[in-house]
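Below: the structure, in structure tokens.
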Amino acid sequence: MPLLIVTGDCRSCRDAERVWRAACAAMGVVLECVDAESTRGAALVAEHALKSLPVLILDGKVAVAGVPSTDLACRILNGGTS
């Protein structure tokens, strides 16, 4: 399951969430969003040594940082590379 790490006051995070939700809906995949300021989010930020947000974690690894196009997001979800 793709995991998007965001913060509530970040415009890029809102844009990324919109893109990833659209891509996941198109691919029939469930997206989980986690606030970086939550306990779980802070643990994920530390675990992956994240320096900026938004970040998509896929299969336990950082797949994308920033805001991809919906087309690129769909390719990544389909097993393509960023």
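Summarising the label geometry, the points placed 7 Å from Cα in the beta-carbon direction at T70 and A49 lie 3.6 nm from one another. Between the helical axis of 11-27 and the longest alpha-carbon principal axis of the chain there is an angle of about 40 degrees.
Among the GluC sites (Glu not before Pro) found in region 12-50, those both in a DSSP coil and sparsely packed, with 14 or fewer other Cβ atoms within 10 Å of their Cβ, are E37. Each of V6, V45, A23 was scored by the projection of its Cα onto the charge dipole of region 4-82, and the greatest displacement toward the positive side belongs to A23; charges sit on the C-beta of Lys, Arg, Asp and Glu.
The numbers here are math on the coordinates, done by the rules we state, and not lab data. Please read all numbers here as calculations on a predicted model, not as lab measurements. Counting neighbours? That spans all protein chains shown, and the Cβs are built from the backbone with ideal geometry, glycine included.
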